[in-house]
Structure formats: structure tokens, C-alpha cells
Amino acid sequence: MLASALSSAIFGVDAYPVEVEVDISNGLPALKTVGLAEGAVREAQERVKSAIKNSGFEFPNRKITINLAPADTRKEGSGFDLPIALGILAAAGSIKAERLRQFIVVGELALDGRVKGIRGALPTALLARSQSYAGVVLPQENAEEAAVVGAPVKVLPVATLSEAVEFFDELRELEPTQVELDQLFARCGQYDVDFSEVKGQEQAKRAIEVAAAGGHNVLMIGPPGAGKTMLAKRIPTVLPAMSFEEAIETTKVHSVAGLMDGRALIATRPFRAPHHTISDAGLIGGGPTPRPGEVSLAHHGVLFLDELPEFRKNVLEVLRQPLEENRITISRVMGTVTFPANVIMVAAMNPCPCGFYTDPQHECTCTPTMIQRYRSRISGPLLDRIDIHIEVPAVKYKELVDKREGESSAAIRERVNAARKIQLRRFAGRGIFCNAQMRAREVREFCRIDSAGERLLELAINRLGLSARAYARILKVARTIADLEGADSIEAHHVSEAIQYRSLDRSQI
């Protein structure tokens, strides 16, 4: 007898439908899975067999063939356990097969018949909505995550194989899971750090405010203990609150990577800080079946690269495309996958190998050659893609013991939000959402400067030997500074401040 169930698999950060066909025929008892099943999918037959028996059902002692269609695409993961088990029971006549065609079914089975959580619940629910299925039957621990999609998709959680069988046999009704998005954002949208905790570093705070207002990448240069990491961790708190669409996009990436950790929604800006020993595949994604890397996990948030010169050169160079295009394209024999990568990259480095170059309190033991070699680990093209270079000096004792609280993240965020609203109005209908994303056309149109600013910029370029890309970066940053002031045009003092944020271009060793 033949029966089929509907399931889904993940490719990139999206789900696609998979038909689980089960045929039971006469012959020697055997269970075979075809359709490019990999790893955990091939092992599913042992889990399914034990789960069916331990749930009180009879496992057919005949020849069983399982096909996962489309057969020319690799299938990975343990989410096919539940639809395979239901398909076998439907083919054996234990449950009604008609309802299996109305729902997408995913779930991993324990040997005792419990249904365990899977990766990619949110993309699966989005697939059910786009394909107009009645709903999704999935594990209880993934129910809230999938329910974020909302009506008309019914999210039906099951705890055991027996519950799923009773539902499809119309012996039990499953209560659809629903979530209140406002409550979910309120619960999941809290940060546990604040800029008011940072002592001193007013110039660095100002640079970070400009970066947050325009979506600019930042490089902080300073001695050990100056507070670079502390500043970086608080950048998400001054970025605009995540919209529902941004939260869905970010949650999809984390869901596919299996990093939801019981959360239903990623409602705060991600902050990812990979160690400098990371590989290029770990940073931008990869593998035989490509998975998202740290850059994609930081989508709509902050990617923090501490000790930037310590990263391997080939790892840093692969960042060029995502920083320019806000996405990552990975090509494999099986196909091409595109992951989202709209991030603010924040990097930190010491000014020299010992860390105390330009520090008045400590003597630097590095020679000019050592300093030059240290800084040359970061290529010019990568530096050009970083809009703001800012020096972060050591904090003075007087600032450390100051009892007054600094400006809060909420106050800074208000100014950032005001500047972002100006940019959204300016770029309406252009597919651009902040100044850092401006293309050459928008730079020419919106970054006109007065004659005094022109002379200042010409002098800086001639003195510093800036590249054409660095010239455009200065104009973009100057546009953001003007937006923070609410100014329509870019004036000389906006240009002057933007030039100050090219610290490495100005430094002389």
C-alpha cells in the first residue's frame, strides 16, 4: 500500500516542501530510504522503528520503501522522523491518509515516541503560509517560534507520536498555539547593558552615536583596558528598535542554525563576537550543505571583531563582499545559497603589538617596523570599507571614580532614531535604509557640500592620499553628522568631524 505525508527541508535560510512517500509491499522485511537522504535522515529508520513499537503500534514486518521527493536534492536533519513514522502507519492502514496531505509535518522522534525539537521551525511555518497549507504539526518546543507567523497558519504542537496519530485519525483535537507579538517584543526586547555604565570616552561615544545613526562600520584603536569591548557590547542598545520584519529575518537565520535556545523571536539586535581563530567558513558560512556563519547570525545587528590584526588574512578578506553588498553568496556543486548579512561591523585593535603606542602612561617597546608590520595585517581595501576609525585612549583615574552616571542608551537612541527617520524619508522607494548603504548615485545627489567644506576635503585628500572609496566614506559620515543636527546641507564642520574619524589615514608612524 502507498501513502504520503508532507514535510519540509531547509536550503539556505528558507524551507522548501518535501513529499515523504511510503510504499509497503510483499518481500523480505527491510526498510530503505531513497531521495538523497544524508546522515541523520538515513538513521531515521532505526529511530522510527523503535518509536512506533514503543508507542503501542505494530510495525509492518514487510518491505518498506521511503522516498523523499524531490529526489535530486540532499535532505539533512532529523525533522523527517515524524512524517516518516506517520507515512508508514498510514500505508499500513493504521491511520487515515487523507489528512496527511493538508499539513506540513516536522519533528524528531525519541526511541520512546516523544517528539523532540528541530531546527528551522519558523521557515517551515512561513512555507506553510506561502503554500496555503492548513497548518504545521511540529514539536511543542518549537510551537511559539512557528506561531510568530500568525494567521491563517495553524501551528499544532504535539508531544508524542501517539498524539500525532490520534490527531490525523480525528480522535483528538490539537489546540493551535498563538502568541501576542506586543508581549513577545516586550519580553524578548530587553538589553542587560547600558551606555550609562561607561566611564569617560566621550569622543568614542560620539563616534558610536554617528555610526549607529548612519549604519557605519567602526574600527576602535586603543591600548588594552581602554574599554573597546565594553563600548562595542553597548552599540546594539542605541540602534533603532527592531521592526517585525527585521525580527523575522534575524530569527530565520538563528532558527536554521539551531540557536534559538527556547526563544520564540529574536527581538533584540544580535551581537556576535567570534574569536580570532575562526575559519573563513565559520565567519561567512559554508560546509557541504552551506550553513550561516557569524556574519549572517549578526544580521540586523553588530559583528564585533576584537583584536582585528590577529584574524587570519584570508578570513578578513572574505568580509569584503558582505560589507559592500549586505549579503553572502556561497556556491557549491549542489547550488548557490545566499545568506543575509546586513551588519554593522565593529572592530577593535591595539595601536601596536605591545599595545602602548601613543599611551602617555606606558612606554611602547615596539619599533616603527614592528608597528608597520602589525598594522599591515589589515589590508587597505578592508580599511576603506570601514567608515569610522576612532582612537580610544586609556581612561583616566578621575573619570573612573566619577560617581555621576553617563548618558543613557535611551537618550542616545532618541537622537539616532530621529536621524534614521530623516534617512528613511530621504531614501523612500530606493531600497536604502541608512546613509552607509548609499551608492555612488545617492552620494552625488545627497552629499553636496559648501565651498568651505570642499576646500577642507581637498586639503585632507591631498595630505592623506585617501582613496576614492575613502572619499565617499567621509561624505557619507558627514551626511550622518548633518542628519544628527537636523541640517539639510553638509557644512564645513560636518566634513571636519568626518575627517577626524579617519584615524588610521591620519596616523604617522
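A few notes on this one:
- Cysteines in the chain that, by Cβ-Cβ distance, have no pairing candidate under 4.7 Å: 188, 354, 364, 434, 447
- Taking a ≥ b ≥ c as the square roots of the eigenvalues of the alpha-carbon gyration tensor, segment 289-424 is classed oblate because a/c is 1.5 or more while a/b is no larger than b/c.
- The HN-Hα couplings worked out from phi for segment 327-338 by the Karplus form 6.51 cos²θ - 1.76 cosθ + 1.60 (θ = phi - 60°) are 7, 10, 10, 10, 9, 9, 4, 6, x, 10, 10, 10 Hz, whole numbers, x standing for Gly and Pro.
- The helix-only estimate of mean residue ellipticity at 222 nm for the chain, built from DSSP H runs of length n ≥ 4 each weighted as -39500 (n - 2.57), is -11000 deg cm²/dmol after division by the residue total.
- Around the Cα centre of segment 36-168, unit charges on the Cβ atoms of Lys, Arg, Asp and Glu (plus for the first two, minus for the last two) sum to a dipole of about 340 debye.
- Accessible-area order (highest first, 1.4 angstrom probe) of the listed residues 220, 1, 230: 1, 230, 220
- Charge dipole of segment 146-251 (Cα centre as origin; +1 on each Lys and Arg Cβ, -1 on each Asp and Glu Cβ, all else neutral): 980 debye, rounded to the nearest 20.
- Options 418, 33, 343, ranked by Cα towards positive dipole end of the chain, top entry (Cβ charges): 343
- Residues in segment 304-328 that a label on residue 467 would reach, taking backbone N under 20 Å of a point 7 Å out along Cα→Cβ: 305, 308-328
- Percent of Cα-Cα distances greater than 43 Å, calculated over the chain: 30 percent
- Per-residue Karplus couplings for segment 487-495, computed as 6.51 cos²θ - 1.76 cosθ + 1.60 with θ equal to phi - 60°, are listed in order as 8, 6, 10, 8, 10, 4, 5, 5, 5 Hz, Gly and Pro entered as x.
- Taking the DSSP beta bridges with both ends in the chain, the antiparallel portion is around 45 percent.
- Residue pairs, from the table 116/233; 199/313; 49/96, whose Cα atoms sit over 27 Å apart: 116/233; 199/313
- Between segment 22-54 and segment 357-382, the alpha-carbon center distance in angstrom: 61 Å
- A Cβ-based charge dipole, computed about the Cα centre of the chain with Lys and Arg at +1 and Asp and Glu at -1, lands at about 1100 debye.
- Ranked by how many other beta carbons lie within 10 Å on average, peptides 27-39, 70-82 from highest: 70-82, 27-39
- Annotation for segment 451-509 versus segment 318-351: alpha-carbon center distance of 26 Å.
- Gyration tensor verdict on segment 23-117 (Cα atoms; rounded if a/c is under 1.5, prolate if a/b is larger than b/c, oblate otherwise): rounded
- Each peptide in 391-401, 270-280 gets a packing score, the mean of other Cβ atoms within 10 Å over its residues, and the list from highest to lowest is 270-280, 391-401.
- Three-way shape label, segment 321-361, alpha-carbon gyration tensor, a/c 1.5: prolate
- 1.4 Å probe accessible area per residue over segment 38-142, in Å²: 41 Å²
- Residue-count net charge about residue 60 - beta-carbon cut-off 14 Å; Lys, Arg +1, Asp, Glu -1: +3
- Farthest toward positive dipole pole in the chain [+1 Lys/Arg, -1 Asp/Glu at C-beta], among 104, 315, 244: 315
- Whole-angstrom Cα spans of segment 273-332 along principal axes, big to small: 30, 24, 17
- Carbon and sulfur %, accessible surface of the chain computed with the full protein complex present, 1.4 Å: 48 percent
- The residues of segment 271-417 expose on average 48 square angstrom of accessible surface per residue, using a 1.4 Å probe on protein heavy atoms.
- Between segment 217-242 and segment 58-92, the C-alpha centres lie 50 angstrom from each other.
- At a probe radius of 1.4 angstrom, the accessible area of segment 151-217 per residue rounds to 49 square angstrom.
- Between amide H atoms placed 1.01 Å from N, distances below 5 Å from residue 135 occur with 104, 154, all of them 5 or more places distant or on a separate chain.
- Counted by Cβ distance under 12 Å from residue 20, the other residues give a net charge of -2, where Lys and Arg count +1 and Asp and Glu count -1.
- Around residue 276: net Lys/Arg minus Asp/Glu count, Cβ-Cβ under 9 Å: -2
The values are calculated or read from the model by the stated rules, or taken from the named source; none is laboratory data. Please read these numbers as outputs of a predicted model, since none were measured by experiment. A quick note on method: Cβ atoms are made from the backbone with ideal geometry, for glycine too, and the neighbour counts reach across all protein chains shown. These area figures cover heavy atoms from the full protein model, side chains too; ligands, DNA and RNA do not enter into them. Shrake-Rupley method; radii C 1.70, N 1.55, O 1.52, S 1.80 Å.
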